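Below is one structure; the comments refer to it alone.
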Amino acid sequence: MLPELIPNWIDGREVPALDGGRFTKLRPADGRLLCEVARSRAADVAAAVAAARVAQPAWASIPPVQRGLLLHRMVVRMEQRREEIAQIVAAETGKAPKEALGEVGGAIQCGLFYASEGQRLYGRTTTSGMPNKYAMTVRMPIGVAGLIIAANTPIANVAWKIFPALICGNAAVLKNAEDTPGTAWIVGQIAQECGLPAGVLNIIQGYGEEAGAPLVAHPDVGVISFTGSTEVGRIIQRVAGERFCRVSLELGGKNALVVCDDADLEHAAKWVLLSAFSNAGQRCAAASRVIVFDAVYEPFRALLLEKIACLRVGPGDEHDFGPVINASQLQAMLAAVEAARAEGATVLAGGRRLDDPEHRDGFYMAPTLIEGVDPDAELSRCELFGPITTLYRAPDFAAALALANRSPYGLTAAIHTRSIHRAVRFCEQVQAGVAVVNAGTYGSEPHMPFGGVRQSGNGTREPGTEALDVYSELKDVYINIDPAQL
Ligand code: NAD
C-alpha cells in the first residue's frame, strides 16, 4: 500500500531527500513501524519552489474552467481510490476505518466545490465616476503558494489547501505534516495519474523547522497558508511578514461549550462527548472547556461521567476514538494533567495513559474530565489537542458568556439552550469565528468560511469562496472608450 520510503513529489517525480535523509513513522495504534519518510531540508524545498515557479505561468494560462475540469478528474480518482486513501489515513492516525472514509468523503466534497469554482471565480463589475469608462475587478493568481498543514485530519487538510490554491492558477508546494506522510503522497500520485502538469503540485515531506521554515522564508513563495499551532503561526507571520508575503493562518482553539439550565441535558452530554473526544480530541474545534450553569452542574457532571465510562478506545469501527498521533504528544498531555492536579484540579475521569495489553503499545490516552481549574490557569488557557476537557460552573447566562470569552483563542463555541433569546445573544456576543446552537463545537462545511478571532488566526477564512481571496490577487481593470471613434 505505502512504499517503504515515502518520497517527495517534485516536478512530477518521486524523489528522496537530496542528502538521503529519512525518518521513521510509527503506527499510533500499536507503535510499530509504518514506513520511512524523506527528511527534506532547504535544498529540497528550493528544488520544489523552482519547479513550481517554472510550471506556474503555463498552469495560469489554462482557462479556469479547464483547470477545474482537471481538478475534477483528481476528485473522481480520489473517489475511485477512496478505500485505499482511507486505509492510509487510518494506518497513519490510528482513527477508525469508517471515520477515515468519512474524512475522505469530506475531502472529495471540498475538491468538487473548488473544481466547479473554475466556472465562477467572480470579479466585480461596477460603475465609474467618469463617462465612457468601465470599471471591473478580475482575479489573478499570486504565483507559488506554500502550504503547510497539521496531521489531525490529513486528507481533509490536504484538500482544503491544494484545491483552492490550484483553481486560482497558482502552483503549489505543500509541506506535509510529518506524522501523516502517506496521505499527501497518494494525492501526489493521483495528481500524476490525472495529468496535472509536472511542477504544479509539489509535495515535500519532513519536519517543520527543517522543511517548513525554508518554505516560509523562500523569497519566491507569494502566499503561505498554514494550518497548525498558534506558536508556529506566530513565527510564520513574523518571517513571511518581513517580505510582505500574504499569510493565512488557521490556528488553535480552546473552544467553549455552554450548557444552560434549560438545555436538553441528554442531548448536550452527547455533544460534549463528541466535541471533546472524537478524533481523540485532536481537532482545532474540540470542546476543551465545558461551562455548565450551577443549577444543572451536578446532574450534568453525573451524566457525563456515566457516558464517559461507556466510551471504548481503540482503532476499530467499534470504538469511539483512537490513539493520539505520537508518543511526545501523549507525554505532553500527561504532563499537563499532572501539573493541573498539582495545582489542585480534580481529575474526575481518565488523566492517564491506557496501559492494558490491548493499548499499551499504542499512544492511547483515557478520556479525561477535569474540574476545579481556575479559568486563568494554564490548563484553561492552553490547547492540549487531546481527549481532555474541563468543567466550569457559571451562575447565569452573563457569567457563562464571560467565561466563554475569557480565552486567548476564539475559534468555535456552542451553546445548549431551549431559549431563542439566549441562543441569539450568544451567537451575537461570543468571540469566535464559529458559533453553534444545540450541537457540537464543530460541523463546518467545505462551502463555508472557517476561521477564528484572536489567537486562532489572522482574520482570513478558508475554505468557501472566501479562500479564493487568500489565493488570488484582485486587479482593477478600467476600459475607456472614445465615442469619437465609433
Ligand atoms: P504544529 O504547529 O506543530 O505543526 C503544524 C505544521 O507546521 C506541521 O506540518 C509542522 O511540520 C509545521 N511546522 C512546525 N514548525 C514549523 C516552522 N518553524 N516553520 C514552518 N512550519 C513548521 O501543529 P501540530 O501540533 O502538528 O497540529 C496541531 C495544531 O494545529 C493545533 O494547534 C490545532 O488547533 C491546529 N489546527 C488548526 C486548524 C484550523 O483550521 N484552525 C485545523 C487543524 C489543526
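The values are calculated or read from the model by the stated rules, or taken from the named source; none is laboratory data. Bear in mind that the values here come from a model prediction, so they are computed numbers and not experimental data. Positions of Cβ are backbone-derived with ideal geometry, glycine not excepted, and every protein chain shown enters the neighbour counts. Areas reflect the complete protein model, heavy atoms only, side chains present, ligands, DNA and RNA absent. Shrake-Rupley method; radii C 1.70, N 1.55, O 1.52, S 1.80 Å.
Here are some notes:
- Just one of the numbered conditions (1) without any contact (Cβ under 8 Å) to a residue 60 or more places away in the chain; (2) in the same structural domain as VAL259 (by TED's automatic domain parsing) is not true of SER419: (1).
- The set of residues in region 160-183 being within 13 Å of the ligand (Cβ to nearest atom), under 20 Å from LEU101 (Cα atoms), touching a residue at least 60 places away in the same chain (Cβ under 8 Å) and open to solvent by less than 10 Å² (accessible area, probe 1.4 Å) consists of LYS161, THR180, PRO181, THR183.
- Any hit, region 119-129, residues being within 24 Å of CYS168 (Cβ to Cβ) and in a helix (DSSP H, G or I): no
- Sole exception among (1) over 20 Å from the mean Cα position of the chain (by Cα); (2) closer than 21 Å to ASP355 by Cα for LEU330, by number: (1)
- Unmet criterion (only one of (1) closer than 30 Å to ILE142 by Cα; (2) outside any helix (DSSP H, G or I)) for GLN237: (2)
Matching residues to (1) open to solvent by 50 Å² or more (accessible area, probe 1.4 Å); (2) closer than 28 Å to VAL232 by Cα:
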| position | (1), (2) |
| --- | --- |
| MET333 | no, yes |
| ALA340 | no, yes |
| ASP355 | yes, no |
| ASP374 | yes, yes |
| ARG381 | yes, yes |
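- Failed condition for LYS475, given (1) within 27 Å of GLU231 (Cβ to Cβ); (2) not in a loop (DSSP other than H, G, I, E, B): (1)
- A search for C-beta distances below 9 Å between a residue of region 122-140 that is more than 13 Å from ILE479 (Cβ to Cβ) and any residue that is assigned to a loop (DSSP other than H, G, I, E, B) and open to solvent by 100 Å² or more (accessible area, probe 1.4 Å), counting only pairs 6+ apart in sequence or on different chains, returns ARG139/TYR122.
- When region 200-241 is filtered for residues that are near the ligand (Cβ under 10 Å from one of its atoms) and among the acidic types (Asp, Glu), the ones remaining, listed by number, are GLU209, GLU210, GLU231.
- Taking region 314-326 as the range and being more than 20 Å from LEU369 (Cβ to Cβ), more than 15 Å from the ligand (Cβ to nearest atom) and open to solvent by less than 40 Å² (accessible area, probe 1.4 Å) as the test, only GLY316 passes.
- Taking residues in region 223-244 that are within 19 Å of LEU411 (Cα to Cα), and partners anywhere that are open to solvent by less than 10 Å² (accessible area, probe 1.4 Å) and more than 11 Å from the ligand (Cβ to nearest atom), the pairs with Cβ atoms closer than 9 Å and at least 6 places apart or on different chains are SER225/ALA145; SER225/PRO164; SER225/ALA165; SER225/ALA467; SER225/VAL470; SER225/TYR471.
- Scope region 130-146; condition assigned to a strand (DSSP E or B) and either open to solvent by 40 Å² or more (accessible area, probe 1.4 Å) or not hydroxyl-bearing (Ser, Thr, Tyr) (or both); matching residues: LYS133, TYR134, ALA135, MET136, VAL138, ARG139, MET140, PRO141, VAL144, ALA145, GLY146
- Strands (runs of 3 or more DSSP E) enclosed by region 1-115 - at least 2 residues per element that are open to solvent by less than 20 Å² (accessible area, probe 1.4 Å): 8-10, 22-26, 33-38
- Residues of region 400-426 that are open to solvent by 30 Å² or more (accessible area, probe 1.4 Å) and more than 25 Å from the chain's Cα centre (by Cα): ALA402, ARG418, ILE420, HIS421, ARG422, VAL424, ARG425.
- ARG67 vs. criteria more than 27 Å from ALA213 (Cα to Cα) and among the charged types (D, E, K, R): yes
A quick yes/no check of all residues on (1) closer than 17 Å to ALA287 by Cα; (2) at pLDDT below 95; (3) in the same structural domain as ARG238 (by TED's automatic domain parsing):
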site: ASN405; (1), (2), (3): yes, no, no
site: TYR409; (1), (2), (3): yes, no, no
site: ALA414; (1), (2), (3): yes, no, no
site: TYR442; (1), (2), (3): yes, yes, no
site: PRO483; (1), (2), (3): no, no, no
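- Within region 209-252, the set of residues being touching a helix residue (DSSP H, G or I) at 6+ places or on another chain (Cβ under 9 Å) and of a type in the set (Gly, Ala, Ser) comprises ALA211, GLY212, ALA213, ALA217, SER225, GLY228, ALA240, SER248, GLY252.
- In region 284-305, the residues that are under 23 Å from ARG353 (Cβ atoms) and either assigned to a helix (DSSP H, G or I) or in the same structural domain as ALA100 (by TED's automatic domain parsing) (or both): LEU304, LEU305
- Pair list, Cβ under 6 Å, 6 or more apart: region 267-296 residue more than 14 Å from the ligand (Cβ to nearest atom), other residue basic (Lys, Arg) and outside any loop (DSSP other than H, G, I, E, B): ALA269/LYS307; LEU273/LYS307; ASP294/ARG393
- When VAL232 is tested against the conditions (1) in a helix (DSSP H, G or I); (2) more than 23 Å from ILE388 (Cβ to Cβ), the lone failure is (2).
- In region 184-199, the qualifying residues are those that are away from the ligand (no atom under 12 Å from the Cβ) and within 24 Å of the chain's Cα centre (by Cα), and the one that is surrounded by the fewest Cβ atoms within 10 Å (Cβ to Cβ) is GLN189.
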